[in-house]
Amino acid sequence: MRYEVDFLVIGSGIAGLSFALKVAPYGKVCILTKGDASEGSTKYAQGGIAAVMYDTDSFDKHIADTLVAGDGICDREVVEMTIREAPERIQELVQYGVNFDKEQGGKFDLHREGGHSEFRILHHKDNTGAEIERGLLQAIHDHPNIELKENQFAIDIITQHHLGQRVTKHTPDIDCYGVYALNCKTNEIDTYLAKVTLLATGGMGNVYTTTTTPIISTGDGVAMVHRARGVLKDLEFMQFHPTSLYNPAEKPAFLITEAMRGAGAILKDRNGKEFMQKYDSRLSLAPRDIVARAIDNEMKQAGVEYLYLDARGIGKNELINGFPTIYAKCLELGINITKEMIPVRPAAHYQCGGIKVDKRGQSSIHHLYAAGECSCTGLHGGNRLASNSLLEAAVYAHNAAMDAIEKIKTTSLCHQVPDWNAEGMVLNEEMVLITQTKKELQEIMTNYVGIVRSDLRLRRAFDRLNLIFRETEELYNRSVLTEELSELRNLIACAYLIIKQAMARRENVGLHYSIDLVKNP
Ligand code: FAD
Ligand code: SIN
């Protein structure tokens with residue numbers, strides 16, 4: 001089938017939905033999402049969204065905290081723009097119907113997380129993301145210009161390459177005409193032509209064995225732009241959240257929000273002793289890169305698979321009412337967090353890098369925007385400050401929408417685009433070729449390209465990945481396309497980019513930490 005729209009959006013998390021709502025009054029909008037509409041990292045966000053709302057805080061403080069967390073390599077202009085725009089974007093979310101918790105007097109109840117010098121995290125109990133997703137989806141369903149299509153897997157963005165022209169990373173005017181997408185219900189590959197396309201495909205946590213991100217986070221948008229020869233940046237900065245609940249069989253790993261440390265919970269070793277004083281004066285509330293490395297080090301020294309978060313000092317009422325999801329989840333596993341410590345370990349959580357975009361969310365490919373976790377705006381630098389990502393997604397969805405509304409006025413659809421050619425492909429009947437390769441890939445990345453790296457580990461990962469890459473390309477070139485195979489291919493591309501960019505970075509900064517760079521600074 002062929003479809004034609006003004007605005008094509010890939011992804012139905014906060015970034016995709018916010019953009020769609022903004023552009024909808026100006027043209028026909030189609031949102032493609034590969035699973036259920038609500039499935040994505042947005043739904044799992046616990047802590048909240050950072051913004052300066054009252055005079056007790058200031059833009060300057062939020063800017064300074066973001067720059068410090070980013071370890072000196074954030075884009076200062078982007079940081080200033082994002083943080084100053086925050087209150088307006090929060091008001092819009094509220095207008096769309098999102099509820100944030102309030103104090104008795106009617107002011108927003110603000111939490112604090114690692115790296116923040118003030119209480120500035122707006123939240124909805126400990127399930128903020130689910131509330132944001134609910135509110136935005138409701139607004140989308142109410143809008144006549146927006147069609148939201150579930151179970152549609154975007155395979156590749158369409159460029160001049162698909163018109164038979166040679167495209168390299170030096171081609172100056174790569175243009176995006178839409179996407180090819182697999183309809184997961186009919187198994188047909190459809191052509192979507194659009195005046196502008198927004199990639200809002202989220203993160204790539206599933207490159208690693210243990211991740212807090214849902215199964216949809218397979219780096220599809222980043223991989224698509226890589227294949228289309230667009231510019232990608234900062235992929236070595238994979239953020240590991242310090243405290244995922246230790247429950248090895250569970251995927252994704254359940255998060256224990258940093259807001260719990262903000263409320264007074266303390267990291268402890270297996271003997272119940274505090275240890276963060278050995279690493280940073282901000283103790284359990286130091287930025288995430290520092291805390292995750294400290295936990296990793298303590299675990300390796302003790303030869304154990306988890307440490308503890310002690311939330312008992314917070315008080316029973318606050319724990320049960322302020323963190324109801326975490327309280328219930330732990331209780332289900334037999335841990336009463338008002339009386340017992342919570343077993344935790346770090347897990348891959350957030351990709352700071354991605355598709356390089358300017359302040360309008362425009363990528364290096366014309367008519368292609370990116371927003372949310374799949375993008376790299378320069379806000380996070382080497383390490384994202386907690387709760388700045390939902391904010392970044394809202395701000396860049398807005399900026400991209402404002403630009404796209406103007407752009408479609410002078411853009412036409414490219415009708416010469418051919419349909420997808422699947423001739424001669426055979427059914428791959430051995431799923432093990434995909435499932436086992438995915439496991440291998442995740443183990444390589446976890447063992448060699450995790451929180452602490454070295455030249456030798458990166459080289460070894462690169463060599464192992466090469467074999468997996470060749471085998472998978474061979475399979476892809478002869479097989480009928482499936483979502484699983486396409487995702488595997490995307491994960492491999494993302495792993496390759498993480499390793500390549502990690503190898504190229506010759507200093508320890510933010511989330512990139514190599515023992516060789518400590519020895520030979
Ligand atoms: P997502 O919400 O991940 O949505 C991606 C969408 O793209 C999905 O709809 C998916 O189906 C679709 N998609 C992907 N690939 C394709 C494809 N090939 N074809 C079609 N559709 C596709 N950040 C904060 O600021 N505060 C927090 O408190 C916070 N807590 C978090 C807790 C957890 C457990 C996790 C995992 C993350 C948390 N984050 C938090 C990070 C934040 O939630 C994410 O960065 C943010 O929600 C990403 O939004 P997004 O719209 O970019 O992507
Ligand atoms: C958390 O609640 O700890 C996650 C916050 C974030 O990832 O920004």
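Report note on the peptides 110-118, 381-389: ranked by the mean count of other C-beta atoms within 10 Å, highest first, their order is 381-389, 110-118.
What is the Å³ per residue value for the convex hull set by the Cα atoms of the chain?
Dividing the Cα hull volume of the chain by its residues yields 149 Å³.
The magnitude of the dipole of the chain, with charges of +1 and -1 set on the Cβ of Lys/Arg and Asp/Glu and taken from the Cα centre, is near 960 debye. Restricting the calculation to Cα atoms, region 1-149 yields a radius of gyration followed by a Dmax of 16.9, 56 Å. Angle of helix 59-69 to the longest C-alpha principal axis of the chain, folded into 0 to 90 degrees and rounded to 10: 90°. Across the chain, Cα pairs under 8 Å and at least six residues apart give a relative contact order of 21 percent.
When you count the other C-beta atoms within 10 angstrom of each residue and take the mean per peptide, 154-165, 31-42 line up highest first as 31-42, 154-165.
Ordering 398-411, 473-486, 338-351 by mean Cβ neighbour count within 10 Å, with the highest value first, yields 338-351, 398-411, 473-486. Label positions at residue 435 and residue 168, each projected 7 Å from the Cα along the C-beta direction, are separated by 4.3 nm.
Arranged from fewest to most other beta-carbon atoms within 10 Å of their beta carbon, 173, 6, 220, 60 become 173, 60, 6, 220.
Extension gain for the segment residue 425 to residue 270, taken as residue separation times 0.36 nm less the Cα-Cα distance, is 50.4 nm to one decimal. Between residue 507 and residue 101, full extension at 0.36 nm per residue minus the direct alpha carbon distance yields a gain of 142.0 nm. Across region 361-370, rounded Karplus estimates of 3J(HN,Hα) from the backbone phi angles (6.51 cos²θ - 1.76 cosθ + 1.60, θ = phi - 60°) give x, 7, 7, 6, 9, 4, 6, 10, 10, 9 Hz, Gly and Pro being marked x. For region 396-480, what class follows from the C-alpha gyration tensor (a ≥ b ≥ c being the square roots of its eigenvalues): rounded when a/c is under 1.5, otherwise prolate if a/b is larger than b/c, else oblate? Oblate. Only DSSP H runs of four or more residues enter the estimate; each adds -39500 (n - 2.57), and after division by the residues of the chain the mean residue ellipticity at 222 nm equals -11500 deg cm²/dmol. Rounded, prolate or oblate for region 160-225? Axes are the square roots of the Cα gyration tensor eigenvalues, ordered a ≥ b ≥ c, and the cut-off for rounded is a/c under 1.5. Cα axes put region 160-225 in the oblate bin. Take every Cα pair under 8 Å whose residues are at least 6 apart in sequence, average their separation, divide by the length of region 309-422, and the relative contact order is 19 percent. Here the dipole of region 52-134 is about 200 debye; that uses its Cα centre as origin and unit charges on the Cβ of Lys and Arg (positive) and Asp and Glu (negative).
Readers should treat all values here as calculations from the given coordinates under stated rules, not as data from a laboratory. What you are looking at is a predicted structure, and each value in this text was computed from that prediction instead of being measured. Cβ: placed from backbone, ideal geometry, glycine included. Neighbour counts: every protein chain shown.
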